[in-house]
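K.L.:
Supplied in structure tokens, the structure appears directly below.
The values are calculated or read from the model by the stated rules, or taken from the named source; none is laboratory data. Note that the structure is predicted; figures quoted are calculated from it, not measured. Every residue, glycine as well, gets a Cβ built from its backbone with ideal geometry; the counts of neighbours run over all protein chains shown.
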Amino acid sequence: MDRPQRVPAVLAVPAAVGFAFLLLPLLALLIRTPWRGLGRLLASTSGLTALRLSLECATAATGLSLLLGVPLAWVLARVRLPGIALLRSVVLLPLVLPPVVGGLALLLALGRNGVFGRYGYAAFGYSLPFTTGGVVVAETFVAMPFLVVTVEGAIRSADRELEEAAATLGANRAQVFRRVTLPLIGPSVLAGAVLCWARALGEFGATITFAGSFPGTTQTMPLAVYNALQTDPEPAVALSLVLLLVAVLVLAALRDQWLRPGGLR
Amino acid sequence: MRTSAIGLLAVLLAVAGCSPGAKDAAGGASVHGTVTVLAAASLTEAFGRLAKQFEAAHPGVTVKLSFGASSALAQQVNAGAPADVFASAAEKNMQQVITAGGAGSSTDFVKNVLQIAVPPRNPAGIRQLSDLARPGVKVALCQVQVPCGATAAQVFRNARLTVRPVTEEADVKATLTKVETDEVDAGLVYVTDVRAAGRKVTGIPIPDPVNASTEYPIAALTRAPNPSAAAAFVRYVLSPAGQAVLSADGFEKP
């Protein structure tokens, strides 16, 4: 157990400034929230449509990320190949790439006139931009790396002896993954999925660039906030409050992973 | 090389010595420093050139331009953005600023009408406005909060058409981009945007009885950090030289 320590002023002052810097803008959002007309604002400004669309798309993007991201994390953690480091950087790239650039890249790749999208459009007359599917794709592109990174770390630190024991008992590799590895990394998969979902929910740049903005189809909450800001800050603040609330809930769900020192490995 | 550099320096010093701030063309006070202009997205090309001419006519003055949706810019002004001049693509957004005390009065300096923009290969075979209402035609519009979106809504009301766009973009340039990248079959943008896009889009005129126009007001802002330069810039936009630049880009007289 650590004994309580006196904080030196040279650390306490910047630490307090740093804390205030992160807290005060959120406090301002609460102070300026039009509490009186909140229900009416949220219901009237197509806020509910945007909220439902946001929740659906973020959930679909998280599902897609689980489907593709967990196997990808396993490959990155376990496969020893010369090019794996490069592969890993490519997977991490969307984490540091400005989302608008990601959206533009998606448009150039999957648009109906895009490098790959043109074939799909020629064959089926279908293209992703301006569809709800396009929102899911944009969100997955931006959010999946969060899941991959979290799960990869867990697989690396998972006890390999348990897997080997299962293998000696006659389990094949798919069985080992399903029965031993997955339960071992379960909590991290969950944490990664929540993180991925939260990132997808807040996605703006890639979505508006790739999927456009139309109420009910592609206009998610962050786009609705931006849209509302064009005319009247009040509904924008009300919508922002909902996103803040969701963020707090996500943090509460992740508290065991994050708020514990040394968490989220 | 060196001599010419010294020569240039000497000229610069001489110029600077003679005129610490240039006299305004209209004979007012000398102007200098930076003038920050917030202008509607549709003014991007015209104001870009106009600003260069203004700087040439007023040595020592730098024009900083920021373009966006008029509605977004009006919100910025009302939120206290340190700007000198606001040029809006609609009366409504200028009124929002005037009501909030951001500007005393405004002057209309141009007007603009809409045109249908299609990709050069015209994938949906658009020939007239009613084609935009056909099922399966992908149309990009501006969101109704911004002037080009409000004007487009007026055009569709005039034509008694119901058009369901696939996307409502944040400003007219974003709408134009969706056409340029060939991701939509058509977009409704200003005639000046079609002209500025050159060969990247094809314009299809909307008949006059149906078409709608929007007036562009300009104002020097009451909280302008550089009021004399703000007034000079507004005068320049309204002057024959400024109007010539704007009409060359397809803007009409208000």
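K.L.:
If you scan region B:116-151, which residues turn out to be in contact with a helix residue (DSSP H, G or I) (Cβ under 9 Å, 6 or more places away or on another chain) and either assigned by TED's automatic domain parsing to the domain that holds B:Val234 or within 17 Å of B:Ala72 (Cβ to Cβ) (or both)?
P.N.:
Selection gives B:Leu141, B:Cys142, B:Gln143, B:Val144, B:Gln145, B:Val146, B:Pro147, B:Cys148, B:Gly149, B:Ala150.
Conditions (1) surrounded by fewer than 19 Cβ atoms within 10 Å (Cβ to Cβ); (2) touching a residue at least 12 places away in the same chain (Cβ under 8 Å); (3) within 14 Å of chain B (Cβ to nearest Cβ), marked per residue:
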site: A:Ile155; (1), (2), (3): no, yes, no
site: A:Leu162; (1), (2), (3): yes, yes, no
site: A:Thr168; (1), (2), (3): yes, no, no
site: A:Pro183; (1), (2), (3): yes, no, no
site: A:Ala193; (1), (2), (3): no, yes, no
site: A:Ala198; (1), (2), (3): no, yes, no
site: A:Leu201; (1), (2), (3): no, yes, no
site: A:Ala224; (1), (2), (3): no, yes, yes
site: A:Leu239; (1), (2), (3): no, yes, no
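K.L.:
Can you tell which of B:Arg134, B:Arg157 is away from chain A (no Cβ under 13 Å), surrounded by fewer than 23 Cβ atoms within 10 Å (Cβ to Cβ) and closer than 24 Å to A:Asp232 by Cβ?
P.N.:
Matching residue, one of B:Arg134, B:Arg157: B:Arg157.
K.L.:
Right, A:Gly134: in a helix (DSSP H, G or I), in contact with a helix residue (DSSP H, G or I) (Cβ under 9 Å, 6 or more places away or on another chain), under 30 Å from A:Val242 (Cβ atoms) and away from chain B (no Cβ under 14 Å) or not? Reasoning before the result, please.
P.N.:
Numbers: in a helix (DSSP H, G or I): yes; in contact with a helix residue (DSSP H, G or I) (Cβ under 9 Å, 6 or more places away or on another chain): yes; under 30 Å from A:Val242 (Cβ atoms): yes; away from chain B (no Cβ under 14 Å): no.
Answer is no for this residue.
K.L.:
Output the residues belonging to region A:147-187 that are farther than 26 Å from A:Val91 by Cβ and assigned to a loop (DSSP other than H, G, I, E, B).
P.N.:
Residues satisfying the conditions are A:Leu169, A:Gly170, A:Ala171, A:Asn172.
K.L.:
What single numbered condition from (1) out of contact with any Phe, Trp or Tyr (no Cβ under 8 Å at 6 or more places or on another chain); (2) in contact (Cβ under 8 Å) with a residue 40 or more places away in the chain fails to hold for B:Val113?
P.N.:
Evaluating B:Val113 over (1) out of contact with any Phe, Trp or Tyr (no Cβ under 8 Å at 6 or more places or on another chain); (2) in contact (Cβ under 8 Å) with a residue 40 or more places away in the chain leaves (1) as the failure.
K.L.:
Only one of (1) away from every other protein chain (no Cβ under 11 Å); (2) surrounded by fewer than 24 Cβ atoms within 10 Å (Cβ to Cβ) fails for A:Pro233. Which number is that?
P.N.:
(1)
K.L.:
Any idea how many residues of region A:208-255 are of a type in the set (Ser, Thr, Tyr) and part of a loop (DSSP other than H, G, I, E, B)?
P.N.:
Count: 5.
K.L.:
Here is a follow-up. Just wondering, is there one or more residues in region B:67-77 that are surrounded by fewer than 23 Cβ atoms within 10 Å (Cβ to Cβ), among the aromatic types (Phe, Trp, Tyr) and modelled with pLDDT under 95?
P.N.:
yes
K.L.:
Continuing with this model, one more query. Considering region B:106-126 alone, what residues qualify as being surrounded by fewer than 17 Cβ atoms within 10 Å (Cβ to Cβ) and touching a strand residue (DSSP E or B) at 6+ places or on another chain (Cβ under 7 Å)?
P.N.:
If the condition is that a residue be surrounded by fewer than 17 Cβ atoms within 10 Å (Cβ to Cβ) and touching a strand residue (DSSP E or B) at 6+ places or on another chain (Cβ under 7 Å), then B:Thr107, B:Asp108, B:Lys111, B:Pro120, B:Asn122 are the ones that fit.
K.L.:
Please identify the pairs in which a residue from region B:171-190 that is at positive phi and within 13 Å of another protein chain (Cβ to nearest Cβ) has its Cβ atom under 9 Å from the Cβ atom of a residue that is crowded, with 24+ Cβ neighbours inside 10 Å and part of a strand (DSSP E or B), counting only partners at least 6 apart or on another chain.
P.N.:
Going by the 9 Å Cβ cut-off, there are no qualifying pairs.
This table checks each residue for (1) assigned to a helix (DSSP H, G or I); (2) among the acidic types (Asp, Glu); (3) closer than 24 Å to B:Ser213 by Cβ; (4) not assigned by TED's automatic domain parsing to the domain that holds B:Ala152.
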{"site": "B:Glu45", "(1), (2), (3), (4)": "yes, yes, yes, yes"}
{"site": "B:Leu50", "(1), (2), (3), (4)": "yes, no, yes, yes"}
{"site": "B:Lys64", "(1), (2), (3), (4)": "no, no, no, yes"}
{"site": "B:Phe67", "(1), (2), (3), (4)": "no, no, yes, yes"}
{"site": "B:Ala74", "(1), (2), (3), (4)": "yes, no, yes, yes"}
{"site": "B:Ala81", "(1), (2), (3), (4)": "no, no, no, yes"}
{"site": "B:Met94", "(1), (2), (3), (4)": "yes, no, yes, yes"}
{"site": "B:Ile98", "(1), (2), (3), (4)": "yes, no, yes, yes"}
{"site": "B:Ser105", "(1), (2), (3), (4)": "no, no, yes, yes"}
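K.L.:
Looking only at region B:61-119, filter to residues that are among the charged types (D, E, K, R) and closer than 23 Å to B:Phe156 by Cα; which one of those is farthest from the other protein chains (Cβ to nearest Cβ)?
P.N.:
B:Lys111
K.L.:
Another question, if that's okay. May I ask you to verify whether A:Thr218 is of a type in the set (Ser, Thr, Tyr), at pLDDT 85 or above and in contact with a strand residue (DSSP E or B) (Cβ under 8 Å, 6 or more places away or on another chain)?
P.N.:
yes
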